[in-house]
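Quick notes on the structure that follows.
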Amino acid sequence: MLASLAALACVPTYRPTAPPRAQAGEVGATLSDIELDEGFLTASVSVRVEAPAGALLTNAFLASTATPPCEGGEPVTEVVVDGQEEYRVGPADVSGAAHTLTLRFARPPPSGWQQVEVAIDLELLAPARRCARLSVSGLSGKDWHGGLRPL
């Protein structure tokens, strides 16, 4: 019984062995980890972003790599900047230095997490529109450290 309760209090967290990195103009992004709920439905994705002064994150998507960057997919439902500022509507300020973003998505990517063609797209104004695409390989592959993390 206690083992069952302990299993319910854990979430799978995946960290890339070689973190994917994207560069779009002056904006750089590096994937830190992906945390899934027990049903693999919702996700929190941690990304480190370096952006110039005045940069804004206007949207983020879980998408198929077959989709053009920042042209669709599952939109982000919440953005947390540096563990403090939460944005549910409107652009998030990511200007001036490196920031850690937690991107929360309410549904899995269209192709599912175990597929190779998943991407995380970051749409930014920095000052022109930019799209940084982080390609994510299947979470069950050798490129990921996976495991359960207590809540």
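The values are calculated or read from the model by the stated rules, or taken from the named source; none is laboratory data. This structure is a prediction, so every number in the text was calculated from the model and none was measured. Cβ: placed from backbone, ideal geometry, glycine included. Neighbour counts: every protein chain shown.
The table below gives the values:
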| read-out | value |
| --- | --- |
| Subset of region 24-54 that is out of contact with any strand residue (DSSP E or B) (no Cβ under 6 Å at 6 or more places or on another chain) and of a type in the set (A, V, I, L, M) - its residue that is surrounded by the fewest Cβ atoms within 10 Å (Cβ to Cβ) | Ala53 |
| The lone exception for Thr17 - which of (1) at pLDDT below 90; (2) within 12 Å of the chain's Cα centre (by Cα) it fails | (2) |
| Scan of region 99-109 for residues that are closer than 13 Å to Asp121 by Cβ and at pLDDT below 85, ordered by number | Pro109 |
| Residue list for region 35-92, filter: at pLDDT 90 or above and aromatic (Phe, Trp, Tyr) | Phe61 |
| Selection count, region 57-97, where residues are assigned to a strand (DSSP E or B), loosely packed, with under 13 Cβ neighbours inside 10 Å and touching a Ser or Thr at 6+ places or on another chain (Cβ under 7 Å) | 0 |
| Selection within region 59-98 - within 12 Å of Leu124 (Cα to Cα) and among the charged types (D, E, K, R) | Asp93 |
